[in-house]
Each structure stands twice: as C-alpha cells, then as structure tokens.
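Just below is one structure, and these are the notes that go with it.
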Amino acid sequence: MKDSTEVKKQIIVLLLSLLISVLTVVIPDWAKLNFTKADEIFLGIMLFISFLLIDVFWIISKYADREKKAEQTAVLRDHFDKTLASIRTCFSHIAGTSYSTKDLFVTHFVKQAHEFESKIRDVAERQELRLRADHFLNLDNVLDAFHGDPDRIWRYTWLVDAKHRLFDHNWKRYFERTACMLEKGEIKQARSLLVLDDISLLTTPRVAKLLDFYHTHKGMECWVISRSDYLAICADSGVPASYLDFGIYGNRLLFLTEQYEPEIIGIFTKDPKAVEHYRLFFDSMWGTPSVAKRNPSTASDPVSVEDMFSLDEKTPNIL
C-alpha cells in the first residue's frame, strides 16, 4: 500500500512538472510577454529539469529511509537471534543433566518456551500487546512511537471524578515528560478530552488549576465533556464501555486502558484500522461545541507542573 502511494506521488509530480513546463512555453504568448521562442523553450526545459531533480532527491531520500529502517531491523533481529542462541545453549546444558524427559527443569522451560512462542505469534498476528503498568516504566519506548511520524499529536481521554486525585506517581512522570517533549518540539500537540463525572467539577480547585495549565501552555489543549454524554457517544460510535480511557500516539499506536485497580492493565495496538477508528472517534468530539465544551480558563499567568502537582496533593478529595 505504501509503495503504491509513493509511486502515485512520483507520477503526479512528473505530470505537474510536464504541465508547468508546457504552460511556461504557452503563457508568455498568451499574455503577450516579450519573450523569444528560444527563451520560452529554455525556461520550460529548465523548469522540467528542476522538478525532475526534486523528484530524484525525493526518491533518494525515501530509499535512504528504507535502507536505514532495514539496517535497524537487521540489528534488532541479530540481537534477538543471539538471545535465542544463548537460550538454546543453556537449555541444552539443562537437558544434558536431566534425569528423564519429565525432568522438572526441562518441563518447566519447555512450557515457558511454548507460552512465549504462543504470545509472540499472537502479537505478530493481531498487532496487539496486553501489558500491566510496564508502559509507565518503559516511558521512552512508548513515546518513541512519535519518532518519524508526520502526525506527532498525542490524543487522549482523561476520566476525572471527585474520589481520586488527578495524578498518581506514574501519571505525574508521564504528564511531565510529554509536556517537556512538547516544549522541545518533539511532539506537535497534546490534546486532552477531560471526561468529567459531573460537569460541576470544573469549579473545583484541582480541575480549575489543570485547566489553567492547559490554557497557559502553547500546544497543550483540552476540551471537556460530561461522562453521561461521553458514554452515549461511545455507544453510538461502537466504542466498548470497557475502553473509555485511551491514548493515541500520532497515527501509529493506540493504548486502551482495561482497568486501574489494583494495577493498571491495558492493550497497545498497532492495528491501522483500530488506530484510525479511535482517532476519528476522538476527532469527532474534539472542537465540536455541540458535543464538548471548550476549556473555560481565562488565566494569563503560566501555571507550572510543580504548582499543579502541589495543589492536587494538598486538595482533599470531595468524597
């Protein structure tokens, strides 16, 4: 699919270059400009060559990117093969000292090997990876999804109620890191859809401070929606109620939260259809006043993450 798209782009560029070159010869006569026929032909040829060179540079750039990707994949594969070779060597030693085919050590690692093979095959086929709270610990690996993606926008929903603080330890680290990435230009924008249990939460100190933070930081935006309205839209859009909280990393990666307690468990997926479905679902609510409300903050003084975290810790929960 990507190859055919690139070929179409190259054909379009060549056709446009040819068309502009022809028009360069025709327009001076039509506009009665003081060009000689030799000048018109020379200009047309030069424009065609210029566009042709642009197309050549484009092709070389794409080829270089593919070669770099192939090299990176080869390095990863080689590293993985070495790991497998080491496992094979160690297992051979274990099997060599076994007392029978039902040796405890042998059967234990054979079972683990089968489970690992089944898991990695399932991920390869479905493009989904179910994890516990590891994505908070492996923050750099998750946010690397933005690298090289032209649509470096982080879209995410945030379920807010009166019973819990806005931030726990892991979410603080995640939020602060993405805010820093935004300041450095590593991501273009962070769009948050705050899903409030009750719209009256907008006036609570911690939520008001969060809204001020979004309002006073360029590139960080939020809209708000009531949970009841959000659930209704989810039902109409075919979004399961079990996956209300999600994050979309550009156009490449989607995280769906399954549960929060006693630990966070969720699914990462690279499936293009799933990513596109949730992106369109998010965008259908974003910036739509009939569905969600614009950030009501009018703050002018910047709010730091430290001030926001501090207020969230000091403000008692309502319930």
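Of the residues Arg173, Arg152, Arg88, Arg279, the one with the fewest other Cβ atoms within 10 Å heads the list, and the complete ranking is Arg88, Arg173, Arg279, Arg152.
Which of rounded, prolate or oblate describes the range 134-314 when judged by the alpha-carbon gyration tensor and an a/c cut-off of 1.5?
rounded
Entry note, the chain: the mean residue ellipticity at 222 nm calculated from DSSP H runs of n ≥ 4, each adding -39500 (n - 2.57), is -19500 deg cm²/dmol after division by the residues and rounding to the nearest 500. In order along the range 58-67, the phi-based Karplus estimate (6.51 cos²θ - 1.76 cosθ + 1.60, θ = phi - 60°) of 3J(HN,Hα) comes to 4, 4, 5, 5, 5, 5, 5, 4, 5, 5 Hz; Gly and Pro are listed as x. Net charge in the neighbourhood of Leu193 (other residues with Cβ under 13 Å of its Cβ; Lys, Arg +1, Asp, Glu -1) is +2. Taking other C-beta atoms within 10 Å as the exposure proxy, Cys180, Cys234 rank Cys180, Cys234 from fewest upward. Amide H to amide H, with H built 1.01 Å from N, Thr216 comes under 5 Å of Val303, counting only residues 5 or more places away or on other chains. Karplus-derived 3J(HN,Hα) values for the range 212-228, using 6.51 cos²θ - 1.76 cosθ + 1.60 with θ = phi - 60°, are 5, 4, 4, 5, 9, 10, 4, x, 9, 10, 8, 10, 10, 8, 6, 4, 5 Hz; glycine and proline are entered as x.
Using every pair of alpha-carbon atoms in the chain, split the distances into 20 Å bins beginning at 0 and state the percent of pairs per bin, rounded to integers. Calculated P(r), rounded to whole percents: 22, 40, 29, 8, 1.
A cut-off of 5 Å between modelled amide H atoms, ignoring neighbours fewer than 5 places along the same chain, links Leu159 with Val195. Near Ile264, the amide H atoms lying under 5 Å from its own belong to Ala133; only residues 5 or more places off or on other chains count, and H is placed 1.01 Å from N.
Applying a 10 Å radius around every beta-carbon, put 158-165, 67-74 in order of their mean neighbour count, most first.
Packing order, densest peptide first, comes out as 158-165, 67-74.
Here the Karplus relation 6.51 cos²θ - 1.76 cosθ + 1.60, evaluated at θ = phi - 60°, turns the backbone of the range 142-147 into coupling constants of 6, 6, 5, 4, 6, 4 Hz, with x for every Gly and Pro. Placing +1 on the Cβ of every Lys and Arg and -1 on the Cβ of every Asp and Glu, with no other charges, gives the chain a dipole of roughly 360 debye about its Cα centre. Taking all Cα pairs closer than 8 Å and separated by 6 or more residues, the relative contact order of the chain comes to 17 percent.
All of the numbers you see were taken from the coordinates with simple rules; none came from a lab. Remember, it's a predicted structure, so these values are computed and weren't measured experimentally. In this analysis, Cβ positions are derived from the backbone assuming ideal geometry, glycine residues included, and neighbour counts consider all displayed protein chains.
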